[in-house]
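What follows is one structure encoded as structure tokens, with my remarks underneath.
The values are calculated or read from the model by the stated rules, or taken from the named source; none is laboratory data. This is a predicted model, so every value here is computed, not measured. Reconstructed Cβ throughout: ideal geometry from the backbone, glycine too, with neighbour counts over all protein chains shown. Protein only, heavy atoms only, side chains kept; ligands, DNA and RNA dropped before computing areas. Shrake-Rupley method; radii C 1.70, N 1.55, O 1.52, S 1.80 Å.
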Amino acid sequence: MSEATADAQGAQGGEFKRGGGVVLAAAFGIGLGLSPLPFYTLAVFARPLAQEFGWDFGQIMFSLTIMTLAVFLMGPVVGIAADRFGARRVAIGSVVLFSLTFAGFALTNGSLPLFYANWAIMAALGAGTLPITWTRGVNSFFVANRGLALGLSLMATGLCGFVAPRLAEFLIQTQGWRVAYLAIAALPLLIALPIALLFFREAGRDGVAAIAAPQYGKTLREAVVDWRFWVLGVAFVPISLALGGPVPNMVAIMESKQFDRETAVGLLSFVGLSVIVGRVAGGWLIDRLWAPGVAFVMLSLPAISLLLLSQMDTLPYWLALSSVILIGVALGVEYDFMAYMVVRYFGMRAYAGIYGSLYGFFAMGAGFGPAVFGAVFAHQGTYDPVLLIAAVLTLIGSALLLTLGKYPTFKRDAA
């Protein structure tokens, strides 16, 4: 099928009729995967872990740095495997391994090295649940509505961000943190896995005819010598650090602004809801407007939130909520923009390998950010200095995306 035909079908809703199940499977696979589940729940688990084992917040948040290093190494491996063997095989196998290794935290015995080792193993084995694999399947079904489809696929990370902290807090208060870890770990097996087995496919593989020519664009080797690859990579390091750093620390940040723990956990859950808004709005916009320009606007707005949080010792609730929402909306569009821009600037030939390599840059910032925030708080008793620095970093990273220029035109191979 030609791209023109695919575009016409997309305009008539044909893409969603054909690929709607793939979007659904990707949404739950990503939403209950390695990217959001440990990230959004660590803020809730941090206090009981600190109380039981005497760890400080900097030590606990460093676990996300360990996860980042593993993802940095495994991202390209997972991407190449998905390109070669198919996204379905890699994603489904990784869902099972991620769930089992996440459950391993229930056995934590007070040894920090073992705690960090569990994070590394979980990240290595669960890297196939990252958007790298799932978005390859989605991109194979969508052309005209690609941005919106990616936004919907990534939307469940917002639901995870809203539900998971509240569920974890409830279970911690009623059953203890070990049972809470086991219950959260069961979610991918009970929800994401069955849906993926039923619906997740890749056009051109898995017995599904290609909707458009899949083999076009750059190889991984060609992409890494393209200056746009490095602009994307360098830009997303400060963006992900500045936006990813506050979220696992959000409960402590809000407690430092004189909110009680229940209110702080409630504010954290609104990050998840606003992520959903960012996913859908950002996806709809990039189908119609130049993606780097949309990214610059939507990723720069949280600088206002971070600046306000850094300058005020106490916040009215409405202002704290507004700040959380702006951060959440920006978090909601990060993955969408990266996935979309990889396709538009490099094509689908080696999509997962290129995305996996770039995801390592994103993961580096997101992984080191919480540890940096936690370390500053542990040593200075306040988050204000690092919040101010984060505000500047969002502006720098977002501005770099404006240098990407117009989308290239690729010669399409025959489908």
The summed charge of the Tyr345 Cβ neighbourhood (under 14 Å; Lys/Arg +1, Asp/Glu -1) stands at +4
Mind grabbing the base-10 log of I(q)/I(0) for the range 240-399 at q = 0.19, 0.20 Å⁻¹? Debye formula, identical points on the C-alpha positions, no solvent, two decimal places. -1.16, -1.26
Given the convex hull over the Cα atoms of the range 10-58, what projected area results after averaging over all orientations, in nm²? 4.9
Looking at the chain, what % of the alpha carbon pairs are farther apart than 28 Å? 42
Find how many whole Å separate the alpha carbon centroid of the range 145-210 from the alpha carbon centroid of the range 341-415. 23
State in Å² the accessible area per residue of the range 334-415; use a 1.4 Å probe, count heavy atoms of protein chains only, and round to the nearest integer. 36
Give me the 1.4 Å probe accessible area per residue for the range 192-311, excluding ligands and nucleic acids, in Å². 37
Taking only DSSP H segments of four or more residues, each worth -39500 (n - 2.57), what value at 222 nm results for the chain once the sum is divided by all its residues, to the nearest 500 deg cm²/dmol? -25000 deg cm²/dmol
Do any trypsin sites (Lys or Arg not before Pro) in the range 253-359 lie in a DSSP loop with no more than 12 other beta carbon atoms within 10 Å, and if so, which? Arg288
What translational D, rounded to a whole number of µm²/s, comes out for the range 48-130 from Stokes-Einstein when the hydrodynamic radius is the Kirkwood one over Cα pairs, at 37 °C and 0.692 mPa s? 243
Hey, any idea what Rg/Rh is for the range 127-250, computing Rh the Kirkwood way over Cα pairs? 1.04
Full extension from Thr314 to Ala186: what is 0.36 nm times the residue separation minus their Cα-Cα distance, to one decimal in nm? 42.3 nm
Can you give the accessible area per residue of the range 60-104, in Å², using a 1.4 Å probe? 37
Could you sort the peptides 392-403, 356-367, 26-37, 66-77 by per-residue average Cβ neighbour count (10 Å cutoff), highest mean leading? 26-37, 356-367, 66-77, 392-403
Just give me a number: lysine pairs in the chain, eight or more positions apart or cross-chain, with C-alpha atoms less than 30 Å apart. 4
Length-normalised contact order for the chain - Cα pairs under 8 Å, 6+ apart - percent: 29
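Considering only protein heavy atoms and a probe of 1.4 Å, how much of the accessible area of the chain is carbon and sulfur, as a whole percent?
Carbon and sulfur together cover 68 percent of it.
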Percentage of interatomic Cα-Cα distances in the range 339-413 larger than 15 Å: 68
